[in-house]
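Note sheet for the following structure.
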Amino acid sequence: MCAEYTTFGLAPAMRAGGVRTDGGYQVHRDFVDFIVDGRPLLFRLSDLDAVSPLASDVPPAIFTAQVRSLLLESPAPLPGGRYVVYGCPECEDLACGAVTAVIQRDGEDFIWRDFAWQTDEHADLELNGYHGIGPFRFRGAEYRAALSNLLNGSAPDTRRRVLLIGARVAVLAKLAAALRTIGVGADIAHDADHVPADELRGYGAVAFGHGTGERERAAVRRAFERAEVPVACVDGLGPIVPLLVAQIEHALDRSPLEQRRLTGLTATGGEAGIEVTSACRVTLTAYRLDRLSRTHTQEIFDGVLEPGRHRIALDAKAVKGRSFVVARTSGGVLATAVTH
């Protein structure tokens, strides 16, 4: 089969969890994405909310089986030599829809071709094929090395526990409950002075409540430094659970900066500035605290943006006073305070 060579790699990726404005939740998923010719393959598939089969939260035996399947060491799971490349982030049911492709060997090379959206055992390429994507020819040595590294303990770091530090226990308790609901572990403490180093190594981020002083923050940072644990620190923008969840999700994102879709967010009293690197669906939500510290929420924007920088008008009432905006794609989230 004729096809030009393209590079193959792997990189950590995330399906961002979150608290929806309707009270529902979106589950957090860490996975390993396929990097084709230096760019995440998922970005070529328009706005798809999906994860690869190389998810970090599946049992080791299943993870290993998925890797060996992609190495063609086991029969294809679907007719026609088709393999699931991306599936539903909430479950493993093919009925929810999945991106599949034929994976085959050609000498020493591996070829991915005939990408399609599939909801049952048989793919209809004419109706549901991703025309214009692939075929991709990967050099065998590069392909095998990238996948084999996952079996040799080289899987990306996906620590998704968060240490919550602060005095407002009620807010932290609600935040911890929300994080656990979306699949992120959370523990509450006043400080980290007496937490064993082995326990600190399990945290990917530490979040400080708005009332935590700089002395307390510095002490927590020193505790992680003594344990030689690199950790992302989150300074809570305000006592609003969905806002804090968004900040923590951003802190837990281990994907390389150059391979993220959502790369910039600013907000003034009149407009929000959003920067994306590939076409994707973006939602923009405003949160406002009134004089009685009650939270008001308003959806500002929900649509597909093309690559580049965009300006979106903000409703003056939605961002009156102390307010914040959260921009979200399926794979990332950013939050910022509104400046007036």
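The values are calculated or read from the model by the stated rules, or taken from the named source; none is laboratory data. Every value quoted in this text rests on a predicted model; they were computed, and no experiment measured them. Cβ atoms come from the backbone with ideal geometry, glycine included; neighbour counts cover every protein chain shown. What goes into the accessible areas is simple: the full protein's heavy atoms, side chains included, and nothing from ligands, DNA or RNA. Shrake-Rupley method; radii C 1.70, N 1.55, O 1.52, S 1.80 Å.
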Exercise. Only helices (runs of 4 or more DSSP H) wholly contained in region 54-161 count here; list those with 2 or more residues that are under 29 Å from Val231 (Cα atoms).
Key: 60-70, 140-151
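Results for (1) modelled with pLDDT of 95 or more; (2) under 19 Å from the mean Cα position of the chain (by Cα), shown as yes or no for each residue.
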| site | (1), (2) |
| --- | --- |
| Pro59 | no, no |
| Pro79 | no, no |
| Gly87 | no, yes |
| Phe110 | yes, no |
| Phe115 | yes, no |
| Glu121 | no, no |
| His131 | no, no |
Practice problem: State all residues of region 310-330 that are open to solvent by less than 50 Å² (accessible area, probe 1.4 Å) and of a type in the set (A, V, I, L, M, F, W, C); if no residue qualifies, say none. | Solution: Ile312, Leu314, Ala318, Val319, Phe324, Val325, Val326, Ala327
Exercise. May I ask you to list the residues in region 10-38 that are touching a helix residue (DSSP H, G or I) at 6+ places or on another chain (Cβ under 9 Å) and surrounded by fewer than 18 Cβ atoms within 10 Å (Cβ to Cβ)?
Key: Ala11, Arg20, Thr21, Tyr25, Val27, Gly38
Quiz item: Residues in region 154-172: is at least one over 21 Å from the mean Cα position of the chain (by Cα), open to solvent by 70 Å² or more (accessible area, probe 1.4 Å) and at pLDDT 85 or above?
Solution: no
Quiz prompt | Unique residue being of a type in the set (Phe, Trp, Tyr), in contact with an Asp or Glu (Cβ under 6 Å, 6 or more places away or on another chain) and more than 25 Å from Glu90 (Cβ to Cβ) when the list is Phe138, Phe208 | solution = Phe208
Practice problem: Only residues in region 191-209 that are of a type in the set (Asp, Glu) count as the first member; pair them with residues that are not in a loop (DSSP other than H, G, I, E, B), Cβ under 7 angstrom, at least 6 apart or cross-chain, and list the lot. | Solution: Asp191/Ile165; Asp191/Glu216; Asp191/Ala219; Asp191/Val220; Asp193/Ala219; Asp193/Ala223
Exercise. Hey, can you tell me all the residues within region 260-288 that are open to solvent by 20 Å² or more (accessible area, probe 1.4 Å), more than 30 Å from Gly38 (Cβ to Cβ) and in contact with a Phe, Trp or Tyr (Cβ under 9 Å, 6 or more places away or on another chain)?
Key: Arg288
Quiz item: For region 227-234, does any single residue satisfy the condition of being assigned to a strand (DSSP E or B), touching a strand residue (DSSP E or B) at 6+ places or on another chain (Cβ under 9 Å) and surrounded by fewer than 17 Cβ atoms within 10 Å (Cβ to Cβ)?
Solution: yes
Exercise. Tell me, please, whether a residue that is free of Cβ contacts under 8 Å to residues at least 40 places away in the same chain and not in a strand (DSSP E or B) can be found in region 236-249.
Key: no
